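In what follows, a single structure is set out as structure tokens and then discussed.
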Amino acid sequence: MKLESKTDVFEQSRSRLMGLAYRLLGSVSDAQDIVQDTYLKWISYSGPEIENPVGWLSRVCTNRCLDQLKSASHQRLDYVGSWIPDQIQTEFESNVEEQLEIASSLTTAFLLLLERLTPKERAAYLLHDVFSMPFDEVAGVLDMQSANCRKLATRAREYVAKNNVRHVPEKQHQEKLLEAFQQAIKTGDVGGLGTMLRADSDLRADSGGKVQAVRGVIVGHDAICRFIEDILSHAWRDMTITTYLLNGALGLVIVDEGKTHAALSFGYDTEGQISQIYIMRHPGKLKQMISTKGILSISGAISWE
């Protein structure tokens, strides 16, 4: 196959590979590096003709991600405070009816839950349940028996269902919750927001130790309300708060004198109550978030602007 043809084949798969790598790693830059490395391996390959280029590319990309996850687990041991996956500005390629399904596979809560699975459970689940790859092809990607891949995906699916992280409420409900959060910040009155928080909700922030932010996890309705009333309201009330679409769901971006100060995303339960609040304060991650935008496809692919 000529170089031009190989490049064309790869470009048809690039957004799919990016969607897979980002979900596996939670890092845009790492995902981009691995997708580029996959491209280099593809164009330099000179062996027998590959009958299933998509499967071959998926295998190379997935296994590079699995290698990356091994080193990432060690790096996270030294990470200062909570680690949160990169937040990405998003737009939907599909119609309204499909948007919540796409968003449910990209929320911060979902990506963090994937961190608790083994790397191969994570890969098998994503390849089959998000990217609709048959188990015989998943087996080829992971170099395992199809039945074993099915077991991995089943365990992962049950764990995801048990922890209820693939629920995104309708846009109008999200807007109501964000309005209550903004009201709490601007006035210090957490009454309205408090009715929308689960009793066992939690809040965490990612600063990487580079800027000031809460380092532990704040757990429970009352503790979160006190934190918002006593800390965030005083710190943020004079800043500009704007609604963004982050990881497929509505979130908030806080701007202080023209500089992005924080980004907030939320996890929800099946009743539409807030179960998690995520605050991104890491300067590098915020800079990356503002500079790029991902276009989400129902296929799981992510293309970048």
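Filtering Ser299, Ser265 for residues that are at pLDDT 95 or above and closer than 17 Å to Phe92 by Cβ leaves a single hit, Ser265.
Only a single criterion out of (1) closer than 21 Å to Met280 by Cα; (2) touching a residue at least 40 places away in the same chain (Cβ under 8 Å) is not satisfied by Leu77, namely (2).
Figure legend. Inter-residue proximity from the range 199-211: first residues closer than 11 Å to Ile279 by Cα, second residues among the aromatic types (Phe, Trp, Tyr), beta-carbon distance below 7 Å, spacing 6+ or different chains. Indicated pairs: Leu203/Phe227; Arg204/Tyr278; Asp206/Trp83.
Could you check how many residues of the range 225-275 are closer than 16 Å to His173 by Cβ and either in contact (Cβ under 8 Å) with a residue 60 or more places away in the chain or crowded, with 22+ Cβ neighbours inside 10 Å (or both)?
The qualifying residues number 17.
Of all the residues in the range 261-276, those that are over 19 Å from the mean Cα position of the chain (by Cα) and under 14 Å from Ala235 (Cα atoms) number 1. Being under 27 Å from Asn163 (Cβ atoms) and outside any helix (DSSP H, G or I) is the requirement here; does Gly81 meet it? It is true that Gly81 is under 27 Å from Asn163 (Cβ atoms) and outside any helix (DSSP H, G or I).
Taking the criterion of being under 17 Å from Lys285 (Cβ atoms) and surrounded by fewer than 15 Cβ atoms within 10 Å (Cβ to Cβ), the residues of the range 202-224 that qualify are Gly209, Lys210, Val211, Gln212, Arg215.
Summed over the range 23-81, residues that are under 22 Å from the mean Cα position of the chain (by Cα) and among the aromatic types (Phe, Trp, Tyr) total 1.
The set of residues in the range 14-31 that are under 21 Å from Ile102 (Cα atoms), part of a helix (DSSP H, G or I), touching a residue at least 40 places away in the same chain (Cβ under 8 Å) and of a type outside the set (D, E, K, R) comprises Ser15, Leu17, Met18, Gly19, Leu20, Ala21, Tyr22, Leu24, Leu25, Val28.
Residues that are modelled with pLDDT of 95 or more, surrounded by fewer than 16 Cβ atoms within 10 Å (Cβ to Cβ) and among the hydrophobic types (A, V, I, L, M, F, W, C) within the range 12-64 comprise just one, Leu40. In the set Leu177, Leu197, only one residue is farther than 18 Å from Ser104 by Cα, buried (at least 18 other Cβ atoms within 10 Å of the Cβ) and touching a strand residue (DSSP E or B) at 6+ places or on another chain (Cβ under 7 Å); that residue is Leu197. Taking the numbered list (1) under 30 Å from Asp129 (Cβ atoms); (2) assigned to a helix (DSSP H, G or I); (3) touching a residue at least 12 places away in the same chain (Cβ under 8 Å) in turn, Ala184 passes all entries but (1).
Can you find even one residue in the range 70-92 that is in contact with a Pro (Cβ under 7 Å, 6 or more places away or on another chain) and modelled with pLDDT of 90 or more? No; the residues of the range 70-92 include none that is in contact with a Pro (Cβ under 7 Å, 6 or more places away or on another chain) and modelled with pLDDT of 90 or more.
Of the residues making up the range 113-133, not a single one is touching a helix residue (DSSP H, G or I) at 6+ places or on another chain (Cβ under 9 Å), surrounded by fewer than 16 Cβ atoms within 10 Å (Cβ to Cβ), not assigned by TED's automatic domain parsing to the domain that holds Ser275 and not in a loop (DSSP other than H, G, I, E, B). Looking across Thr108, Thr90, one residue alone is over 10 Å from the mean Cα position of the chain (by Cα), buried (at least 20 other Cβ atoms within 10 Å of the Cβ) and not aromatic (Phe, Trp, Tyr). It is Thr90.
The values are calculated or read from the model by the stated rules, or taken from the named source; none is laboratory data. Everything numeric in this text was worked out from a predicted model, so none of it was measured. Positions of Cβ are backbone-derived with ideal geometry, glycine not excepted, and every protein chain shown enters the neighbour counts.
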